[in-house]
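To keep things clear, I will list the structure first and then write my remarks on it.
Please treat every number below as a calculation from the coordinates, not as lab data. This is a predicted model, so every value here is computed, not measured. Reconstructed Cβ throughout: ideal geometry from the backbone, glycine too, with neighbour counts over all protein chains shown.
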Amino acid sequence: MDFQHSARSLELQERVRQFMRTHVEPVEELYYEQVKPEATRYRTPQVLQDLKRLAREQGLWNLFLSGEHGQDPNNQDPNNIGLTNLEYAPVKEIMGRILWAPEVFNCSAPDVGNMEVLANYGTKAQQERWLKPLLEGRIRSGFSMTEPQVASSDATNIQCEIRRDGGDYVINGRKWFTSGAMNEDCEILIVMGKTAPDDPDRHRQQSMILVPKATPGVRIVRDMLTYGYDDAPVGHPEIVYENVRVPAENILLGEGRGFEIAQGRLGPGRIHHCMRLIGCAQRALELMCQRSVSRTAFGKPLAEQGSVREDIANSFCEIAQARLLTLQAADKMDREGNKAARDLIAAAKIVVPSMAARVIDRAIQIHGAAGVSQDTFLARAYVYARFIRIGDGPDQVHLAAVGKELIKRGGVMAG
């Protein structure tokens, strides 16, 4: 692996870094202020809409998608394609320093994963109807997979019914943590359910289908909180699908392909979360260093306390290790494909969220009461890191999968 980033990645890193410093960092708290009013809580704040327009004008848009779909719709240059995973990783790390910043560049979850699904598995008609406005940032989307009644870490447990009825499919089921669905701009949901519950191959029972949010029978029950945060204006609601009828052409890739699509979607998504969390951890480390020289306890600066120095040093080491593992996974995805890189993706998904949670927790401790308050980003960042130890597959699932493969190969990773 070449540890020197490409010229294109270096250039974009600097451009995104300058954009963040100039335009995003000064309005970080204004964003949350604009989200507060109850009547407009799930509306995209004006400050974010303005930043998205500016980022697109500057060509900092859709950087995550490669190939033809990675092009800015306003730019006809055939060479203007999205970055590779390895090129994108340090760019996403910079975006990840502010939790809501990826949306500024149209690079936020769940839209990133949904756009990749439509780009890789959608028909031309599906791409025209849904991918194009998502790429242009005119609409947002939701991903509806997890269910409250079953252990959704095993996707074959999913019980939501997708039944063929003439020229339509009828959907019945209950989902929760449907990321993105509370937002007023969300117009399309990707729903996973079972079209063939009796198929002896449990991995061919599931399908994915496109459900417009405004379809009759789609009922939002409540938004779900994580550690008391509702993540407005995005939201992660519980949704009931009651006899929801959509045209048969809304099925993605065909019946029985849902598990396959899920694996194709969640692999890159896991790496994107890792990139973003490394940005959160790096920012937490920098805040630790700043706090340590600005606060005095027991007659000397915190920076002269041995335990504080150890926390800072350990955090630096752990971030560097996690970053290298993530870059290694991204490099293998680019060279050999997502499937070949699944062990490294899983390893990064195991390592990075736990690392970020530890580093952010140390930063909270050094900040004292301020660390758990709304006066720093640390409390929100900790919640995000802790949640991602469950989201996109809990640690135990990835540990089991990696362990199984390593035992099979005598401890040698694939490739």
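A compact table of results
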{"quantity": "The chain: angle of helix 342-367 to the longest principal axis, Cα-based, in degrees nearest 10", "calculated": "40"}
{"quantity": "D_trans [Stokes-Einstein, Kirkwood Rh over alpha-carbon pairs] for the chain, 37 °C, 0.692 mPa s, µm² s⁻¹", "calculated": "148"}
{"quantity": "Efficiency of FRET between E14 and D375 - r from beta-carbon atoms, R0 25 angstrom, step 0.05", "calculated": "0.25"}
{"quantity": "Test item: Cα-centred dipole of the chain, Lys/Arg +1 and Asp/Glu -1 on Cβ, debye", "calculated": "520"}
{"quantity": "Extension gain, I220 back to Q46 (0.36 nm per residue minus Cα-Cα distance, nm)", "calculated": "60.2 nm"}
{"quantity": "Selected from V24, Q13, P37, residue furthest toward positive end of dipole (segment 7-139; charges at beta carbon)", "calculated": "P37"}
{"quantity": "Contour minus Cα-Cα distance for A248 and Q396 (0.36 nm per residue)", "calculated": "49.6 nm"}
{"quantity": "Peptide ranges 152-162, 184-194, 220-230 listed from the most packed, as the mean C-beta count within 10 angstrom indicates", "calculated": "184-194, 152-162, 220-230"}
{"quantity": "Theoretical gain in end-to-end length, E286 to A39 [0.36 nm per residue, Cα-Cα removed]", "calculated": "85.3 nm"}
{"quantity": "Size of charge dipole - segment 7-139 - debye, nearest 20, with Cβ of Lys, Arg +1 and Asp, Glu -1, no other charges", "calculated": "220"}
{"quantity": "Between 0 and 90°, nearest 10: helix 258-294 axis offset from the chain longest Cα axis", "calculated": "20"}
{"quantity": "Distance between modelled label sites at T123 and A340, nm, 7 Å Cα→Cβ extension", "calculated": "3.3"}
{"quantity": "Separation of the R138 and Q159 label points, Cα + 7 Å toward Cβ, nm", "calculated": "4.0"}
{"quantity": "All Cα pairs of segment 157-262, percent lying beyond 19 Å", "calculated": "43"}
{"quantity": "Alpha-carbon centroids, segment 374-415 and segment 296-354: separation in whole Å", "calculated": "12"}
{"quantity": "Greater than 32 Å apart at Cα, pairs in K36/K92; K36/K339; K332/K404", "calculated": "K36/K339"}
{"quantity": "Reachable lysines from K132, criterion Cα separation under 20 angstrom, eight or more residues apart if same chain", "calculated": "K52, K124, K213"}
{"quantity": "Fraction of antiparallel bridges per DSSP, the chain only, in percent to nearest 5", "calculated": "85"}
{"quantity": "Within the chain, helix-based [θ] at 222 nm, where runs of 4 or more DSSP H residues each add -39,500 (n - 2.57), nearest 500", "calculated": "-14500 deg cm²/dmol"}
{"quantity": "Modelled FRET efficiency - R0 51 Å, Q149 with V293, Cβ distances, 0.05 increments", "calculated": "0.50"}
{"quantity": "Rounded to whole Hz, the Karplus (6.51, -1.76, 1.60) HN-Hα couplings of segment 384-397, x for glycine and proline", "calculated": "4, 4, 5, 5, 6, 5, 10, x, 6, x, x, 3, 4, 5"}
{"quantity": "Using alpha-carbon coordinates, inclination of helix 111-121 to the longest axis of the chain, degrees", "calculated": "40"}
{"quantity": "Charge dipole (the chain, unit charges on Cβ, about Cα centre) - positive-most of V351, A181, V211", "calculated": "V351"}
{"quantity": "Relative intensity, log₁₀ I(q)/I(0), of segment 216-354 from a Debye sum that treats every alpha carbon as a point, q = 0.16 Å⁻¹", "calculated": "-1.03"}
